[in-house]
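Below is one structure, written out as structure tokens, with a few remarks after it.
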Amino acid sequence: MISFIIPTLNEEKTIEKTLQCIAGYTGEHEVIVSDGKSKDSTVEIAKKYGAKVVMYDMPERQTIAMARNSGVEAATGEFVVFMDADVTISDINKFFEKANSVFTARPNVVALTVFYEVLPELKTVADAVFFKLLCLDFLISNNVFHIGASAGEFQMIRREAFNKVGGFNEKLAAAEDMDLFRRLSKIGRTHFEKSLKIYHTGRRAHTIGWPKLLSEWFANTVSMILFKRSASKEWKEIR
């Protein structure tokens with residue numbers, strides 16, 4: 001069984017397409033939306049599609065790591081799949097047939113990630129170049145050097161392994177996704193499956209620009225590796 005976990009904050013513009021996509025999956029699954037006090041119709045849309053909604057009610061701002069961990073607490077699946085609220089998958093049944101086959105054939109694989117691509121109708125030349133380079137880095141890091149590397153758009157993880165490493169580090173405002181894969185690679189293999197692809201909007205790069213986004217990615221990753229903390233104090237929402 002797969003538990004799909006989607007962290008949300010004011011995602012009414014994109015989450016319906018993501019939930020429609022997941023609804024097409026015929027395998028045993030559940031959908032958990034972990035919401036950080038949305039003020040729009042995100043929660044109503046999630047409930048319309050039968051998602052289990054986890055509501056955050058603490059006064060401080062919820063980090064993405066906190067939202068994902070809260071989602072796992074409500075999950076019952078053998079595998080947890082983390083997806084952003086602007087992610088879609090073409091032929092989702094074939095996609096997870098392949099993903100599941102990787103875990104079945106290789107019991108030492110504890111986590112899997114895939115190619116990320118911006119939706120064709122939104123994709124720029126810069127998107128094509130930089131996401132190919134990013135995914136090449138993930139391919140080499142995971143499959144060659146066995147150092148876990150992944151962004152948060154899509155991560156599929158054995159629940160047992162997730163629990164063993166203690167989940168996401170909630171002290172990290174950013175780079176929590178990369179940090180989790182690095183820790184997972186110390187207890188098993190993390191894998192980049194080059195035959196699989198997810199699509200997303202690329203909204204952060206389109207809003208703040210690639211130069212700023214690349215500098216933020218670099219600073220947060222280096223800070224996470226060297227100092228166990230993110231350079232960014234807050235990962236601001238882009239909607």
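Annotations for the structure displayed:
- Restricting region 142-163 to residues that are polar (S, T, N, Q) and buried (at least 20 other Cβ atoms within 10 Å of the Cβ), the residue that is nearest to the chain's Cα centre (by Cα): Gln155
- There is at least one residue in region 119-141 that is free of Cβ contacts under 8 Å to residues at least 60 places away in the same chain, surrounded by fewer than 23 Cβ atoms within 10 Å (Cβ to Cβ) and of a type in the set (Asp, Glu).
- Search result, residues across region 51-82 that are free of Cβ contacts under 8 Å to residues at least 24 places away in the same chain and under 28 Å from Asn100 (Cβ atoms): Lys52, Val53, Val54, Glu73
- Verdict on Gln155 being within 30 Å of Ser230 (Cα to Cα), polar (S, T, N, Q) and at pLDDT 95 or above: yes
- Taking (1) within 29 Å of Lys94 (Cα to Cα); (2) outside any helix (DSSP H, G or I) in turn, Lys236 satisfies each apart from (1).
- The helices (runs of 4 or more DSSP H) located wholly in region 47-140 that include 1 or more residues which are more than 13 Å from Ile32 (Cβ to Cβ) and within 13 Å of the chain's Cα centre (by Cα) occupy 64-73.
- Test: residue in region 164-178 that is part of a helix (DSSP H, G or I), over 15 Å from the mean Cα position of the chain (by Cα), crowded, with 19+ Cβ neighbours inside 10 Å and not aromatic (Phe, Trp, Tyr): no
- Here the condition is being under 30 Å from His206 (Cα atoms) and modelled with pLDDT of 95 or more; of Phe115, Phe103, Phe145, it holds for Phe115 alone.
- Residues of region 59-74 satisfying the condition of being surrounded by 15 or more Cβ atoms within 10 Å (Cβ to Cβ) and either in contact with a helix residue (DSSP H, G or I) (Cβ under 7 Å, 6 or more places away or on another chain) or not aliphatic (A, V, I, L, M) (or both): Gln62, Thr63, Ile64, Ala65, Arg68, Asn69, Ser70, Gly71, Val72
- Failed condition for Tyr25, given (1) of a type in the set (Phe, Trp, Tyr); (2) within 17 Å of the chain's Cα centre (by Cα); (3) in a loop (DSSP other than H, G, I, E, B): (2)
- From the list Ala161, Ala231, the one residue that fits, being assigned to a helix (DSSP H, G or I) and among the small types (Gly, Ala, Ser), is Ala161.
- So Glu193, is it in a strand (DSSP E or B), acidic (Asp, Glu) and either surrounded by fewer than 20 Cβ atoms within 10 Å (Cβ to Cβ) or touching a helix residue (DSSP H, G or I) at 6+ places or on another chain (Cβ under 8 Å) (or both): yes
The values are calculated or read from the model by the stated rules, or taken from the named source; none is laboratory data. Given the structure is predicted, the values throughout are model-derived calculations rather than measurements. A quick note on method: Cβ atoms are made from the backbone with ideal geometry, for glycine too, and the neighbour counts reach across all protein chains shown.
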